[in-house]
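The next block holds one structure in the form of structure tokens; read it before the comments.
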Amino acid sequence: MPAGPSLRRDSTVIDRSEAAEAVRVARARRAVTWQELADAMGRPLVWATAALLGSHPLTSPEARAAEVLLDLEPSVVEALQLPPMRDTGRSGSSPVDPTVHRFHEVIGLYGPALRELIHEQCGDGIMSAVDFRLDMRRVPDPAGDRVVIVLDGKFLAYRW
């Protein structure tokens, strides 16, 4: 019988959510910003943050950069390199976190309008979330600072 995958004896197997929590705790303890992590990884801020929270797999050099800055355990570094499970049914439930809830609210309010505008201006198709860039920045404003979010996805025409 062939041997299964081998695990290092000094490594505990953890999942992506446990790795994400370990990153969050280590980041807070070491006072490392998400921007510092993104810079060390050579990745855009939003992508790097999403990856460290479990949405994208890191390459070995990216995981190593996070390990050095955060002094992560080997099991966390390994878990950060695993392919994530995406959309595990969360989209049907209402999120509890107020910030995430607002994103659901924005899509609920403006999603149909954005769909119509995409179809009117680009044709019958969708915006890719694979060939995609995302940016977020804080902009000072006398009436209260603003959060500017840019979603930049390739248009994918439906072809029949």
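The values are calculated or read from the model by the stated rules, or taken from the named source; none is laboratory data. Keep in mind that this is a model prediction, so the values were computed, not measured. Here Cβ is always computed from backbone atoms with ideal geometry, including for glycine, and neighbour counts include all displayed protein chains. Areas reflect the complete protein model, heavy atoms only, side chains present, ligands, DNA and RNA absent. Shrake-Rupley method; radii C 1.70, N 1.55, O 1.52, S 1.80 Å.
Considering all projection directions equally, how large on average is the shadow of the alpha-carbon convex hull of the range 25-119, in square nanometres?
7.8 nm²
Given a 1.4 Å probe and the protein chains all in place, what does the accessible area of TRP34 round to, in Å² to the nearest 10?
Approximately 50 Å² of TRP34 is accessible to the 1.4 Å probe.
For the chain, what does -39500 (n - 2.57) per DSSP helix run (n ≥ 4), summed and divided by total residues, give at 222 nm, in deg cm²/dmol to the nearest 500?
That calculation yields -14500 deg cm²/dmol at 222 nm.
Say R0 is 45 Å: what FRET efficiency, to the nearest 0.05, do VAL100 and ARG159 get from their beta-carbon distance?
0.85
State the Cα centre-to-centre distance between the range 107-127 and the range 22-73 in whole Å.
Each part reduced to its Cα centre gives a spacing of 33 Å.
Quick check: convex hull of the Cα atoms in the chain, volume per residue, rounded to a whole Å³?
It is 198 Å³ per residue.
Going from most exposed to least, what order do SER55, SER94 have by accessible area with a 1.4 Å probe?
Heavy-atom accessible area, descending, gives SER94, SER55.
Relative to the present Cα-Cα distance, how much length would full extension add between THR59 and ASP152 at 0.36 nm per residue of separation?
31.2 nm
Could you give the length gained on full extension between ASP145 and MET85, defined as 0.36 nm per residue of separation minus the Cα-Cα distance, in nm?
Between ASP145 and MET85, full extension yields 18.2 nm more.
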